1. Would you confirm whether or not region 59-77 contains a residue that is in a helix (DSSP H, G or I) and free of Cβ contacts under 8 Å to residues at least 12 places away in the same chain?
2. Looking only at region 22-81, count every residue that is aromatic (Phe, Trp, Tyr) and under 30 Å from Ser124 (Cβ atoms) and tell me the total.
3. Looking at region 19-42, can you tell me whether even one residue there is closer than 23 Å to Gly169 by Cα, out of contact with any strand residue (DSSP E or B) (no Cβ under 8 Å at 6 or more places or on another chain), among the aliphatic types (A, V, I, L, M) and not in a helix (DSSP H, G or I)?
4. Out of the residues in region 46-68 that are farther than 25 Å from Leu196 by Cβ and small (Gly, Ala, Ser), state the one that is surrounded by the most Cβ atoms within 10 Å (Cβ to Cβ).
5. Being basic (Lys, Arg) and over 26 Å from Leu307 (Cβ atoms) narrows it down to one residue among Arg252, Arg242, Arg199; which is it?
6. Within region 251-308, restricting attention to residues that are in a loop (DSSP other than H, G, I, E, B) and free of Cβ contacts under 8 Å to residues at least 12 places away in the same chain, which residue is most open to solvent (accessible area, probe 1.4 Å)?
7. Please specify each residue of region 123-136 satisfying the condition of being open to solvent by 50 Å² or more (accessible area, probe 1.4 Å) and farther than 18 Å from Cys78 by Cα.
8. Out of Gly204, Gly236, Gly229, Gly197, report the one residue that is open to solvent by less than 20 Å² (accessible area, probe 1.4 Å), part of a helix (DSSP H, G or I) and farther than 24 Å from Val103 by Cα.
Amino acid sequence: MNWLQRYVRPEQVRELSLLLLIIVAVIVFGSMIDNYYTSRTFNRIASSVAIITIVAVGQTLVVLTRNIDLSVGSIVGCTAYFTGTLLAQNNDLHPLLVVLAAVALGSVLGAINGVFVAWGRVPSIIVTLGTLAIYRGLLVDLSGAKTVTTDSLPSWLVDLPRVNLFAIGEFDFRAMFMLALAIVIIFQVGTSFLALGRRLYAIGSNPDAAKLIGLPIKRLVFLTFVLSGALSGLAGFVTLARFGNITVEAGRGLELEVVAAVVVGGVNIFGGSGTIMGAMLGAIMIGILEQSLFRLQISEFWRDALLGLLILLAVASDAVILQRLRSLWARADLKFIAKPPDEGPAPQGRAPP
């Protein structure tokens, strides 16, 4: 037990338990759904997880600073629609330019959120709840109720969801899922080892102390919203590639799935703790539930209700279980520090003092 407390932190216990729950969920759904353990099921879940994961990475950065971004679904919808419209009118555009356009639009929308939160000092939940409606309203007004259709898009985009980077047996690892995995690895390393990442944890853990030591809190909070918008813009491009037919409803309700993935993945909604990898595990759990319940023909209403229940359970477990684990680990650390060093046997010819 002492070894466990010395080398494993409470947040890691949460992630390990979530990994166990994912395995249990796969076993349970596999026993209920025919032909569940197939490459087709894996690809469906991976495609869904890719979008949720990309947005969840940006949301994690925001939540670490004691904020939240509820506008991510609208940003995904806006970038998917306007990027699709741009590409439908200019099929010869280079793919990299299309991706950069989506990321740039998402960054601008995220920056608007960041300005109001960081310098306007308006609570993030109020700002992003407002921009959620504003961005969606602008999309509805500017789109003219038109739809981006698959037949108007270039073949490289339509074929992108089926592009495989490599395969293990019957399971194909497709480009969009590997893109999401690469983003997770990059930001996990950044938040774990770079000074910028550690400052986000410091701000979320104790904003007053972070201010006293001179951290540029406003600029860092602004940066997290810009990154959240940029990653939502990238997810908008992935959404366009996955579905092809994009309406003004694209991305609606995604914010619920993303918040659920983040808090279920062990990121403290009150800031200061959690990991990018945990958010990805949460996204995998949400993706498995979403696709499996759909195959069980469970209504969308009950799927949303289940996501809401998961959020409540995750926040409750943070408040109760993780707090007790942290207290237990803290007592173990104090005992380890207070334990006197082993001085070994006294030298021969001298009496011990």
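The values are calculated or read from the model by the stated rules, or taken from the named source; none is laboratory data. Keep in mind it's a predicted model, so treat the numbers as computed, not measured. For neighbour counting, all protein chains shown are included, and Cβ atoms are generated from backbone atoms with ideal geometry for every residue, glycine included. For accessibility, only protein heavy atoms count, side chains too; no ligands or nucleic acids. Shrake-Rupley method; radii C 1.70, N 1.55, O 1.52, S 1.80 Å.
1. no
2. 1
3. Checking region 19-42: at least one residue is closer than 23 Å to Gly169 by Cα, out of contact with any strand residue (DSSP E or B) (no Cβ under 8 Å at 6 or more places or on another chain), among the aliphatic types (A, V, I, L, M) and not in a helix (DSSP H, G or I).
4. The residue in question is Ala50.
5. Exactly one of Arg252, Arg242, Arg199 is basic (Lys, Arg) and over 26 Å from Leu307 (Cβ atoms), namely Arg199.
6. Result: Gln297.
7. Answer for region 123-136, where residues must be open to solvent by 50 Å² or more (accessible area, probe 1.4 Å) and farther than 18 Å from Cys78 by Cα: Pro123, Ile125, Ile126.
8. Checking each option against the conditions leaves just Gly204.
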